[in-house]
Amino acid sequence: MNNTLALIKPDAMQKGFKDEIRKDIMDNGFIIAEEKTLHLSVEQAEGFYSIHKDKPFFEELVEFMTSSETHIMKLEKANAVSEWRNLMGATNPAEADAGTIRAKYGTDISMNATHGSDSNENAEIEINFFF
Ligand code: ATP
Ligand code: MG
């Protein structure tokens, strides 16, 4: 078993998709090992996405991630990192495969419903950031 960190971002929370996304996660064989809902502070959002601090969209990203509550989950499954990224779909919901979470629940390239760790190393760092 491996772990990854999943977030249900403020757009999907605001639209009431939390329970549907949790169901999709469990229907796809993940175990939700830990979870909590938080309204991220600016410091938390900047720290969590610090890898993107020099990107042109950083300010927009922090503003979005602090706009309302985020649901935070530690997921367990074999190959959890790649399995969760496959279930989420592409970063831009307009390019995500039909049936993926971002295609179903995402708004646009910024407000794209969910986050997933991109490597086992970052999964460990991100899980320790929130749990
Ligand atoms: P995440 O890290 O949230 O799982 P990702 O790994 O698919 O997403 P990243 O390149 O890490 O994509 O970007 C982090 C987040 O920054 C994206 O999920 C999205 O919310 C936002 N973002 C990425 N690219 C853009 C962009 N061009 N314009 C606006 N926001 C963007
Ligand atoms: Mg990423």
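Select from the range 48-98 the residues that are of a type in the set (Val, Ile, Thr) and touching a residue at least 60 places away in the same chain (Cβ under 8 Å) and list them in ascending order. Break it down into steps so the answer makes sense when it comes.
Just the residues of the range 48-98 that are of a type in the set (Val, Ile, Thr), to begin with: 51, 62, 66, 70, 72, 81, 91.
Residues satisfying the conditions are Thr70, Ile72, Val81.
Have a look at Phe17, Phe58, Phe30 and point out the one that is under 14 Å from the mean Cα position of the chain (by Cα) and aromatic (Phe, Trp, Tyr). Walk me through how you get there before you give the answer.
Values: Phe58 fails: under 14 Å from the mean Cα position of the chain (by Cα); Phe30 fails: under 14 Å from the mean Cα position of the chain (by Cα).
Going through Phe17, Phe58, Phe30 in turn, the sole match is Phe17.
Examine the range 107-115 for a residue that is in contact with a strand residue (DSSP E or B) (Cβ under 9 Å, 6 or more places away or on another chain), among the β-branched types (Val, Ile, Thr) and within 14 Å of ligand 2 (Cβ to nearest atom), and state whether such a residue exists. If you could, list the steps in order and put the result at the bottom.
Here is the first cut: in the range 107-115, the residues in contact with a strand residue (DSSP E or B) (Cβ under 9 Å, 6 or more places away or on another chain) are 113-115.
Checking the rest, the ones that are also among the β-branched types (Val, Ile, Thr) come to 114.
Those left that are additionally within 14 Å of ligand 2 (Cβ to nearest atom): 114.
Scanning the range 107-115 turns up at least one residue that is in contact with a strand residue (DSSP E or B) (Cβ under 9 Å, 6 or more places away or on another chain), among the β-branched types (Val, Ile, Thr) and within 14 Å of ligand 2 (Cβ to nearest atom).
Identify the single condition in (1) surrounded by fewer than 20 Cβ atoms within 10 Å (Cβ to Cβ); (2) near ligand 1 (Cβ under 9 Å from one of its atoms) that Glu121 does not satisfy, given that it satisfies every other one.
(2)
Can you name every one of the helices (runs of 4 or more DSSP H) wholly within the range 1-109 that holds 3 or more residues which are closer than 20 Å to Phe130 by Cα and modelled with pLDDT of 95 or more? First the steps, then the outcome.
Details: elements: 10-14, 18-27, 42-48, 58-65, 80-88, 101-105.
Fully inside the range 1-109 and qualifying: 10-14, 18-27, 42-48, 58-65, 80-88.
Looking only at the range 90-114, count how many residues are within 16 Å of Lys15 (Cβ to Cβ) and out of contact with any helix residue (DSSP H, G or I) (no Cβ under 7 Å at 6 or more places or on another chain).
The total comes to 1.
Which residue is farthest from ligand 1 (Cβ to nearest atom), if the candidates are limited to the range 58-82 and must be buried (at least 18 other Cβ atoms within 10 Å of the Cβ) and over 17 Å from Lys15 (Cα atoms)? Spell out how you get there, then give the answer.
Narrowing the range 58-82 to residues buried (at least 18 other Cβ atoms within 10 Å of the Cβ): 61-62, 64-65, 70-75, 77, 80-81.
From what is left, the residues that are over 17 Å from Lys15 (Cα atoms) are 61-62, 73-75, 77, 80-81.
Values: Leu61: 5, Val62: 10, Met73: 13, Lys74: 15, Leu75: 13, Lys77: 17, Ala80: 14, Val81: 11 Å.
It comes out as Lys77.
Going through Glu121, Glu95, Glu34, Glu69 one at a time, which residue ends up being acidic (Asp, Glu) and within 14 Å of ligand 2 (Cβ to nearest atom)? Walk me through it before giving the result.
Details: Glu95 fails: within 14 Å of ligand 2 (Cβ to nearest atom); Glu34 fails: within 14 Å of ligand 2 (Cβ to nearest atom); Glu69 fails: within 14 Å of ligand 2 (Cβ to nearest atom).
Just one listed residue meets the conditions, Glu121.
Applying the selection to the range 86-114, what residues are of a type outside the set (A, V, I, L, M) and either surrounded by 20 or more Cβ atoms within 10 Å (Cβ to Cβ) or on the phi > 0 side of the Ramachandran plot (or both)? If you could, list the steps in order and put the result at the bottom.
The first filter runs over the range 86-114 and keeps only residues of a type outside the set (A, V, I, L, M), leaving 86, 89, 91-93, 95, 97, 99-100, 102, 104-108, 110, 112, 114.
Passing the criteria: Gly89, Pro93, Gly99, Thr100, Arg102, Tyr105, Gly106, Asn112, Thr114.
The values are calculated or read from the model by the stated rules, or taken from the named source; none is laboratory data. Predicted model, so just to flag it, every value in this text is computed and none were measured. Don't worry about glycine lacking a Cβ; one is built from the backbone with ideal geometry, like all the others, and counts go over all protein chains shown.
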